Amino acid sequence: MSSVIGVDLGGTKVIVARLRGRELSESVLKPTDRSGSAALIDQLVAMVGSIRPDDLTAVGIGVPSVVEFETGRVVSSVNIPLTDVPLRQVLGERLGVPVFVDNDATVAALAEAHDTDLRLVARNLVMLTVGTGVGGGIVLGGRIYRGATGGAGEFGHTLVGLPLEDTARVPAPRDSFPQLGSLEHAAAGHALDRLSVRAACERPDSALGKLKAEGKDVLGAEAVEAAHAGDRAAAEIVEIWAERVGIGIANAINTFDPEEVVIGGGAARAGELLLEPARRVALGYVVPGLRGHATVRLAWHGVRAGVLGAALLAAQEISASQGPREGYGPGAVGSNAAGTQPLIAHEEASGS
């Protein structure tokens, strides 16, 4: 049985772990070296080398960037210095094994299609990552769906609130993203921040109003904490935010008819405060023929989703290119075989 290594490359930290069969090793974590592309690549090579086994067959890496998957080139990247870097080629030459590069949210979706025993349990899954922005990933037929250019899954830029009355012209788009009326503008972390500040101003006797009076931060995280503690004003704005997420879920179900819609990112910390309103609203906007079939849940792999998904990506791609392999054949990690296990909701998990 051979091994693969997963790399979760983020703007603040790099996580690496080894996958052998269905066993993911303990992760190794270091701050991301953002001083330049050469230094960052050196760091990735060193971190893979620190856990490299003799039976390593491939490396998968998830990056917060637009990726041209076929070549492994990072097309554009904001938080890490890899724009226009042929990462697959460079790392492959340095490591001497095949390297597969993909978007970080995309590989996280692949991880969430597998249960905690790493069995493929959802062959058709959509993941919404709700944090500072709104992103996501798509798994269809047990494999990642990337679209024509590798950019599929940008759910935050779906339009959910444009004023389109019968006689109205389509409003002019903004010069920058997110667009007004987009899911990201309505439901990302910044949207909850805006709702929190408004509530603090309008409800000075609320927990958020008292925080503002004390000169403390009044952001989405504080609203979720106050809502969990029973503050009514905070609970109301968290519910408004969650209902907006529900519109995004309804769009995902109507478009892809998945078995599961998974919510990850920082939003998952809200737990049932997010899930209940989001499910309720989504149910109302899903077309009748699809209603009630998809499970909506929180991510269950938490902070390990990125590194696990990157490792599973490597396992899948090696399996696809070389045929069934021990540990990655039918019914095993990365398999596309039909022998999946019953869905497990795991709705109590809190995500990342």
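The values are calculated or read from the model by the stated rules, or taken from the named source; none is laboratory data. Just so we're clear, the structure is a prediction, and the values are computed from it rather than from any experiment. Cβ atoms come from the backbone with ideal geometry, glycine included; neighbour counts cover every protein chain shown.
Quick notes
- Matching residues, region 24-50, being closer than 17 Å to residue 304 by Cα and either in contact with a Ser or Thr (Cβ under 7 Å, 6 or more places away or on another chain) or free of Cβ contacts under 8 Å to residues at least 12 places away in the same chain (or both): 26, 28, 31, 32
- Test: residue in region 37-58 that is within 21 Å of the chain's Cα centre (by Cα), surrounded by fewer than 17 Cβ atoms within 10 Å (Cβ to Cβ) and over 26 Å from residue 133 (Cβ atoms): no
- Here 96, 92 are screened, and the one residue that is surrounded by fewer than 16 Cβ atoms within 10 Å (Cβ to Cβ), under 23 Å from residue 320 (Cα atoms) and without any contact (Cβ under 8 Å) to a residue 24 or more places away in the chain is 96.
- Filtering region 112-124 for residues that are surrounded by fewer than 21 Cβ atoms within 10 Å (Cβ to Cβ) and over 23 Å from residue 316 (Cβ atoms) leaves an empty set.
- Flag if residue 243 is over 20 Å from residue 154 (Cβ atoms) and without any contact (Cβ under 8 Å) to a residue 40 or more places away in the chain: yes
- Of everything listed in (1) closer than 30 Å to residue 227 by Cα; (2) modelled with pLDDT under 90, the single unmet condition for residue 167 is (1).
- Number of the condition not met by residue 116 [criteria: (1) assigned to a loop (DSSP other than H, G, I, E, B); (2) closer than 21 Å to residue 12 by Cβ; (3) hydroxyl-bearing (Ser, Thr, Tyr)]: (2)
- Flag if residue 143 is over 23 Å from residue 294 (Cβ atoms) and either surrounded by fewer than 20 Cβ atoms within 10 Å (Cβ to Cβ) or touching a strand residue (DSSP E or B) at 6+ places or on another chain (Cβ under 7 Å) (or both): no
- Considering residues of region 151-182 that are under 15 Å from the mean Cα position of the chain (by Cα) and among the small types (Gly, Ala, Ser) only, the residue surrounded by the fewest Cβ atoms within 10 Å (Cβ to Cβ): 151
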